[in-house]
1. What whole-number value in Å² describes the accessible area per residue of the chain for a 1.4 Å probe?
2. If you add up the charges near LEU53, with Lys and Arg at +1 and Asp and Glu at -1, over every other residue whose beta carbon is less than 14 angstrom from its beta carbon, what do you get?
3. Compute a Gaussian network model of the chain, connecting alpha carbons closer than 10 Å, and tell me which residue from GLY45, GLY28, GLY36 fluctuates the most.
4. Can you tell me, using C-alpha contacts under 8 Å and at least 6 residues apart, the relative contact order of the chain as a whole percent?
5. Determine the dipole magnitude for the chain: charges of +1 sit on the beta-carbon of Lys and Arg, -1 on that of Asp and Glu, nothing else is charged, the reference point is the Cα centre, and the result goes in debye to the nearest 20.
6. What's the local net charge at ASP62, with K and R +1, D and E -1, over the other residues with C-beta under 15 Å away?
7. Tell me which of PHE44, GLN67, SER78 sits at the most positive position along the dipole axis of the chain, charges placed on C-beta atoms (Lys, Arg +1; Asp, Glu -1).
8. Give me the net charge of ASP14's neighbourhood, meaning all other residues with Cβ under 13 Å from the Cβ of ASP14; Lys, Arg count +1, Asp, Glu -1.
Amino acid sequence: MDVDEQRRWALQADREVLERAAARLRSGAIQAGYAGFRHKQVAFGLALILDELARHLPDLDDTVRYQALRTCRRLLGS
């Protein structure tokens, strides 16, 4: 496996972390809505931000990428 292929695999793995975290936020917001909680739009807004970060992952500043992934991994419990 060459360096470019390793980078593609790493980007894909990181992208999946961000996408899973966004999905978890959406799911939690929907469940909270059924329970009568308000302000689920905050979770949906954050999920949209994570979607955008995932789309532009190769172009992110290393510090932003690191922090986003760290936060998402904590959200996912991994």
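The values are calculated or read from the model by the stated rules, or taken from the named source; none is laboratory data. Source: prediction; values computed, not measured. Cβ atoms come from the backbone with ideal geometry, glycine included; neighbour counts cover every protein chain shown. Just the protein is used for accessible areas: all its heavy atoms, side chains included, with ligands, DNA and RNA removed. Shrake-Rupley method; radii C 1.70, N 1.55, O 1.52, S 1.80 Å.
1. 73 Å²
2. Around LEU53, the surrounding residues sum to -2.
3. Of GLY45, GLY28, GLY36, the Gaussian network model singles out GLY36 as fluctuating most.
4. Reported relative contact order: 41 percent.
5. 600 debye
6. So the surrounding residues net to 0.
7. It is PHE44, whose Cα lies furthest towards the positive end.
8. For residues surrounding ASP14, the net value is +4.
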